[in-house]
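Please read the structure below before turning to the comments.
The values are calculated or read from the model by the stated rules, or taken from the named source; none is laboratory data. None of these values were measured; they are calculated from a predicted model. Counting neighbours? That spans all protein chains shown, and the Cβs are built from the backbone with ideal geometry, glycine included. Heads up: the accessible areas ignore ligands, DNA and RNA and are worked out on the full protein's heavy atoms, side chains in. Shrake-Rupley method; radii C 1.70, N 1.55, O 1.52, S 1.80 Å.
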Amino acid sequence: MNILSFLLILILGLLANDVNAVAYCSLRDPVAQIAQLYPQKTNQLSIVKTVDDNIRAQVQVSLPRNDLHFSELGKHTLYVAMQGKNSLGYVHVRSEQSKWGLVEIVWAIDKDFRITNFAFQRCRSPKKKAAEEQQFRDVFIGKNYQELRELLSTDGVTANKAVQEQAKSAPELANVVLRCALKTLLLTEILWGEELKKY
Amino acid sequence: MRLLLISLLILQCFPCIADFSQNLRWSLDGSARLNYNNALDNTSQIYALGLDTHKVFTGAEGDIGYGVGQVYFTKLANHLPVPFLFDSKDDSDFIIREAHLNYTAGAKWVPNVRVGHFTMPFGLEESIDTNGRLLDYYHGKNLGTKLDWGLSLNKVIGAVEYNVSYTLGGKDKAKSVDGSYALTGRIGSLRHLDFIFGVSFFDGKIDNVSRRRLALDGQYYWQTWGLLAELAIGEDDRLGQGWKTEKYSLVELNKTFINEQLKLYGQLIVRDKEMQLNTDKQINIGLSFQMSTQLELSLSGRQQLNTPAAGKKQQLLRMQIRYRY
């Protein structure tokens, strides 16, 4: 490679922005979690989009008092779970800050943008087991963005009393999961909605 | 290299990848590193500017595979000892870090196939990427190189992931040099879990040193704390002088703050070589502060605990600013 071709690559690189903080060689697809959420899937289809400052502002308008963590900006992948050439649904991984560090949740979403299931990719809360119980999961499963939004209390960042009661010993985690679900569905529709009509 | 180009041509034959910019990530990655080596009483710098790319290839039935390409223009300034990739302490060169394709479209039990220049699958480094960072798990010192050209079979199956590679042992050269080769592999639990356990092996000949290794690695995360360990035992045969045992162990305690911007770590490394009188012991402490999505500041300090047979105790201070655009 000569200097000119390298400079050309660098100039092209300048057109890019909103990068991830980590080197791309460390990127891994959540194949185990996708298989857990869609056991019948034969493959997944990646669709990469950019979460930029404009998208971040839209989230802040739709969900006042909420923001995206800096690691949530940049290029992100939404997966279509495939069985042969047929789409089974979508998988979207999102992170939410908590007092135990980032909680990463793998969301399974149907074609009507309703939550069908979820799995924790990373959750270091001591109450994780409570959040994995079916009673807790049922709070989110089957709901779309509008229905989940009604579960927010008036402060806009915590879950309402009914959800807190369902969460038993893990009310803090219920707040985190709810915020993550809302942002995930919002971003899925804003960024990937048009393209997902094909699947 | 030839194998990589052929693979790229094969992938180009798929009509579904006509739009190359689709599912493409790229970023400009620049860093400046300042090193102070007290034993040599030497201050040096390493500057790197490069392009980091990641591309997913997709078809009608899903992903076919992905490619990673990282090329960096790297400049040394008074850097001693001179790294093997360079000719002098002030040398500069284009360096290929990772450059590989991973075919992932095989059926459930069929392994993914990676071809190109990649980090050899061994120990903690397999699940924690350290390329371009001050954090290090001493892959290169333990195996003879960190990255090599070759082929690997890898897959996540149920609760297990594995990665086995055969590489040419030429390090930055895509060929075997003086009969060099490396067979490396790791099998472990899934890397996103709070408790991760892995077993690795290595059998190779690099730079005329034959090495055999067997290693265990583990990671345990509790809230914002992480405890990591790696133990490797094996033997080296330098230039046919006979096999000598080698032991390497690392323990790391790290803390990640809840906003993920600040990470602290401390490591204790013990290296015991049969051909060496003293057991090498060193501690590393470091931090990484992610000032924004793009800008990262890292600091690290290394102190050798034992007195070496010759020369001063190793003391190394490093600082790095890294910007990804």
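Can you work out the accessible area per residue across segment B:168-325, with the rest of the protein chains kept in place, probe 1.4 Å, in square angstrom? Working shown, then result.
Details: 7890 Å² over 158 residues.
Computed with neighbouring chains in place, this is 50 Å² per residue.
Per residue of segment B:299-309, what does 6.51 cos²θ - 1.76 cosθ + 1.60 with θ = phi - 60° give for ³J(HN,Hα)? Whole Hz please, x for Gly and Pro, Karplus curve as stated.
Values, residue by residue: 10, 8, x, 10, 9, 7, 8, 8, 8, x, 4 Hz.
I'd like the interface area for chains B and A: accessible area of each alone minus the complex, both sides summed, 1.4 Å probe, protein heavy atoms only. What is it in Å² to the nearest 100?
In total, this chain pair buries about 4500 Å².
Using amide H atoms built 1.01 Å from N in the peptide plane, name the residues 5+ places from residue B:131, or on other chains, whose amide H lies under 5 Å from its own.
Excluding prolines and chain starts, which carry no amide H, there are no hits.
List the pairs from B:205/B:273; A:75/A:127; B:146/B:313 whose alpha-carbon separation is above 21 Å, in the order I gave them.
Values: B:205/B:273 18 Å; A:75/A:127 31 Å; B:146/B:313 25 Å.
Over 21 Å Cα-Cα: A:75/A:127; B:146/B:313.
Sort B:241-247, A:99-105 by packing, meaning the average of other beta carbons within 10 Å per residue, with the highest value first.
A:99-105, B:241-247
Helix B:2-12 versus the longest principal axis of chain B: what is the Cα-based angle in degrees, 0 to 90, to the nearest 10?
40 degrees
Which entries in B:173/B:312; B:244/B:312; A:99/A:143 show an alpha-carbon gap greater than 31 Å? Mind showing how you got there, number by number?
Numbers: B:173/B:312 34 Å; B:244/B:312 25 Å; A:99/A:143 26 Å.
From the list (B:173/B:312; B:244/B:312; A:99/A:143), the Cα-Cα distance tops 31 Å for B:173/B:312.
Counting only other chains, and only Cβ atoms inside 10 Å, what mean value do you get across the residues of A:100-110? All intermediate terms of the calculation are to be shown ahead of the outcome.
Working: counts 5, 10, 5, 0, 1, 0, 1, 0, 0, 0, 0.
Counting Cβ atoms of other protein chains within 10 Å of each residue's Cβ and averaging gives 2.
Please find, in a Gaussian network model of chain A (springs between Cα atoms separated by less than 10 Å), the residue of A:178, A:78, A:27 whose mean-square fluctuation is greatest.
Highest fluctuation of the listed residues: A:27.
What average number of partner chain Cβ atoms lie no more than 10 Å from the Cβ of the residues making up B:306-314? The partial results should precede the final answer.
On the way: counts 0, 0, 0, 0, 0, 0, 0, 0, 0.
Partner Cβ neighbours, averaged per residue: 0.
For chain B, which whole-number percentage of the solvent-accessible area (1.4 Å probe, protein heavy atoms only) is attributable to carbon and sulfur atoms?
So the carbon and sulfur contribution to the accessible surface is 64 percent.
Any idea what the relative contact order of chain A is, in percent, if you count C-alpha pairs under 8 Å spaced at least 6 apart?
Once divided by the residue count of chain A, the mean separation gives 18 percent.
Kindly report the accessible area of segment A:18-196 per residue (heavy atoms of protein chains, probe 1.4 Å, no ligands, DNA or RNA), in Å². Before the final figure, lay out the partial values.
On the way: 6980 Å² over 179 residues.
For segment A:18-196, the per-residue accessible area is 39 Å².
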